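J.: First, the structure itself, so that you have it in front of you.
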Amino acid sequence: MYLVHIIEEAALAALNHLYEGEFTKDDFQINQTKSEFKGDYTVVLFVLLKKTRKAPAILGQELGEYLITNHKDHFSDFNVVSGFLNLTINTNFWLSFLAQNYKDTCYGKAPMSGKKVMVEYSSPNTNKPLHLGHLRNNFLGWSIGAILQANGYEVIKSSIVNDRGIHICKSMFAWQQFANGETPEMAGIKGDHLVGKYYVRFEQELRAQTKTLEAAEVNEDYSHYIGETEKNVREYKKQIVELQNGTLGSKDEKIAKLNAAINEWRRAATPVMKAVSKMLENWEADDADVKSLWKKMNGWVYEGMNQTYAEIGSNFDKTYYESNTYLLGKEIVANGLKDEVFYKKEDGSVWIDLTKDGLDEKLVLRSNGTSVYITQDIGLAQQKYDEYAIDRSIYVIGDEQNYHMKVLQLIAKKLQLPYADDIQHLSYGMVELPDGKMKSREGTVVDADDIVEEIKAIAAEKTEALGKVDDFSPEALKELYHTIGLGSLKFFLLRVDPKKKMVFNPEESIDFQGFTAPFIQFNHARIKSVLRKESETDVNKTITDYDLLPAEKELIVMLERYPAVLEQSATELNPSVIASYVYSIAKSFSSFYAAHSIANADNDKQKTIRLQIAEFAAIVIKSGMQLLGIKVPEQM
């Protein structure tokens, strides 16, 4: 039990003893005392005023006196400011706490709870390499898994590989048409990069053909459309003219939607899109030639992606493949159709009507019988539950899929699936570059491999500029640059609340003085250097009669908070809580070390306390950074 919980229990017992009524922990808050006031922790009293029928000053005085009298081991003093009771923790508590925990490498981590959670992340498509957005996704997912594990969960880290579907057929078709048998070996590039190249090539061809069809419409040539589609295009164009003439209401948004719909019909009517649609049909019909090409190109992508995963330190306990899960999804849809959860339109496509729930109608099977993303997601949700009987299923997916995830959970509820309420979407903001958004179709995506190499090069350049690397062998330097570079990248992407969008600038991520991984890594290495120099000093003892200096106490108080930080980060599914905390520990130690010598302490007691604080700080920094997937070097 950490200190906040101790204070909660003591305050709750005091309230129930002093006043009539049933009190709970929800009746008050406990915060760190603000720096301008005397004290360590503050009990916020405002919510209690009505229940106790006491004025703030009287309530604070009575509660403070009770705590001081009955919990002398924990509290030494108190003061009341308005509706706040500021408590000072007994110095001997801090000294005892330090002596008991400064060597505990598992400090802050909870015992196993018996709860099982699956965290799904990465979820790549096999038509392109991993990119900057995938990096934030992978780092978030891996870190959330580690944080939940530290909080007592059994964690299964999983990935769903989107290895089939219309987008994968686009790369396959373009390779057939334009590659002349090119292989990764022939091109001298990784397989995922080669396949991505042909995905971009397909989109270029698609845009060209779409413009050709658009030009044909000027001459009233709609021969590329079929029946109802031609009627729809003509009708939508008529509506656009009416909107532009001002004969209908607010026009800008409507015109944009109508033009978007027309453009999608154009794209679907192009020869290349008809070809890939047919290719997908053949794939689901198990056509031998299509399946052979699919296996070959996917094999190239897997080999390339696995190299990237190894480089960035991302791994999975279970990998699912859409090519397997979509079949279970189609089976569930078929059963839901019988139970009238879904309905079939005249063209044979299968839908679900969610309009009464504030959403739209959602396609779950195309008219040709092929499945869509939501189909495989339904199947995957069922497969996860069947295999692992998980208590929670967390999906780490960007916020552009918020609607999709609402639809998935709502469909699961309408199908009365037992895991529907346990689906949880960790929605995160997109990563942009200083010059704007990335677009896969246009080839403006920044590949993960390129970013990692760039960040390592920047790490090498900035580290060498500081000097002090003469003692490193070439191999050790290579490892150091990888540790600093990748640590900088992960920290930069994780230090921002997942819900927020962010701009990534490689140069800003490597700064030995700022809110960055290198600053934290440097201070960890500094602590380890101090401990090596003082390795002969015996610090394995409890000091009971010592007056802590403000900087010493500040660090101990901050270190004691680590379990609460782990709990908060798990509750919020937010690694940035840990990133900010670990930075504050490194920053506080840096200030402490600059002001107070360890080697030249005034006496043995002071040296012991400071060495214990240093060792404890190193353990917590390393532990917190590990939960972010970041290594901290012993020497820099």
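The values are calculated or read from the model by the stated rules, or taken from the named source; none is laboratory data. Fair warning: this is a prediction, and the values are worked out from it, not measured in the lab. All Cβ positions, even for glycine, are placed from backbone atoms using ideal geometry, and neighbour counts span all protein chains on display. Keep in mind that these areas ignore ligands, DNA and RNA; they rest on the heavy atoms of the full protein, side chains included. Shrake-Rupley method; radii C 1.70, N 1.55, O 1.52, S 1.80 Å.
Yes or no, residue by residue, for (1) at pLDDT 95 or above; (2) part of a helix (DSSP H, G or I); (3) open to solvent by less than 40 Å² (accessible area, probe 1.4 Å):
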{"site": "Q376", "(1), (2), (3)": "no, yes, yes"}
{"site": "I397", "(1), (2), (3)": "yes, no, yes"}
{"site": "Q401", "(1), (2), (3)": "no, yes, no"}
{"site": "R441", "(1), (2), (3)": "no, no, no"}
{"site": "V445", "(1), (2), (3)": "no, no, yes"}
{"site": "K456", "(1), (2), (3)": "no, yes, no"}
{"site": "E461", "(1), (2), (3)": "no, yes, no"}
{"site": "V469", "(1), (2), (3)": "no, no, yes"}
{"site": "L480", "(1), (2), (3)": "no, yes, yes"}
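J.: Just give me the residues in the range 107-150 being free of Cβ contacts under 8 Å to residues at least 60 places away in the same chain and open to solvent by less than 10 Å² (accessible area, probe 1.4 Å), in sequence order.
T.: Filtering the range 107-150 for residues free of Cβ contacts under 8 Å to residues at least 60 places away in the same chain gives 111-114, 125, 145, 149.
G145, the sole residue that qualifies.
J.: Testing E567 on (1) within 25 Å of I144 (Cα to Cα); (2) surrounded by 19 or more Cβ atoms within 10 Å (Cβ to Cβ); (3) in contact with a helix residue (DSSP H, G or I) (Cβ under 8 Å, 6 or more places away or on another chain), one condition comes back false. Which one is that?
T.: Result: E567 fails condition (3) only.
J.: Restricting to the range 353-373, and then to whatever is in a helix (DSSP H, G or I) and more than 22 Å from the chain's Cα centre (by Cα), can you tell me which residue is surrounded by the most Cβ atoms within 10 Å (Cβ to Cβ)?
T.: So in the range 353-373, the residues in a helix (DSSP H, G or I) come out as 355-357, 373.
Among the residues that remain, those that are also more than 22 Å from the chain's Cα centre (by Cα) are: 355-357.
On the way: T355: 8, K356: 6, D357: 13.
The extreme case among them is D357.
J.: Within the range 403-423, track down each residue that is touching a residue at least 40 places away in the same chain (Cβ under 8 Å) and either among the hydrophobic types (A, V, I, L, M, F, W, C) or not in a helix (DSSP H, G or I) (or both).
T.: The first filter runs over the range 403-423 and keeps only residues touching a residue at least 40 places away in the same chain (Cβ under 8 Å), leaving 403, 406-407, 410-411, 414-415, 423.
Scanning the range 403-423 gives V407, L410, I411, L415, I423.
J.: Count, please, the residues in the range 40-73 that happen to be part of a helix (DSSP H, G or I), of a type outside the set (S, T, Y), surrounded by fewer than 20 Cβ atoms within 10 Å (Cβ to Cβ) and out of contact with any Pro (no Cβ under 7 Å at 6 or more places or on another chain).
T.: Residues of the range 40-73 part of a helix (DSSP H, G or I): 48-52, 56-70.
Subset that is of a type outside the set (S, T, Y): 48-51, 56-65, 67-68, 70.
Among the residues that remain, those that are also surrounded by fewer than 20 Cβ atoms within 10 Å (Cβ to Cβ) are: 49-51, 56-58, 61-62, 65, 68, 70.
From what is left, the residues that are out of contact with any Pro (no Cβ under 7 Å at 6 or more places or on another chain) are 50-51, 56-58, 61-62, 65, 68, 70.
The number of residues fulfilling the criteria is 10.
J.: In the range 157-189, how many are of a type outside the set (D, E) and in a loop (DSSP other than H, G, I, E, B)? Can you show your working first?
T.: Restricting attention to the range 157-189, the residues satisfying the condition of being of a type outside the set (D, E) are 157-162, 164-181, 183-184, 186-189.
Of the ones still in play, those that are also in a loop (DSSP other than H, G, I, E, B) are 164-165, 179-181, 183, 188-189.
So the count comes out to 8.
J.: Still on this structure, please answer the following. Do we have K587 as modelled with pLDDT of 95 or more and surrounded by fewer than 20 Cβ atoms within 10 Å (Cβ to Cβ) here? If you could, list the steps in order and put the result at the bottom.
T.: Values: modelled with pLDDT of 95 or more: yes; surrounded by fewer than 20 Cβ atoms within 10 Å (Cβ to Cβ): yes.
So K587 fits the description; yes.
J.: Could you figure out which of (1) open to solvent by 10 Å² or more (accessible area, probe 1.4 Å); (2) in contact with a helix residue (DSSP H, G or I) (Cβ under 9 Å, 6 or more places away or on another chain) isn't true of N180?
T.: Here N180 meets the rest and fails (2).
J.: Only one of these conditions is not met by A465: (1) open to solvent by 40 Å² or more (accessible area, probe 1.4 Å); (2) at pLDDT below 85; (3) not in a helix (DSSP H, G or I). Which number is it?
T.: (3)
J.: How many of the residues in the range 485-505 are over 15 Å from the mean Cα position of the chain (by Cα), open to solvent by 10 Å² or more (accessible area, probe 1.4 Å) and not hydrophobic (A, V, I, L, M, F, W, C)?
T.: Of the residues in the range 485-505, 1 are over 15 Å from the mean Cα position of the chain (by Cα), open to solvent by 10 Å² or more (accessible area, probe 1.4 Å) and not hydrophobic (A, V, I, L, M, F, W, C).
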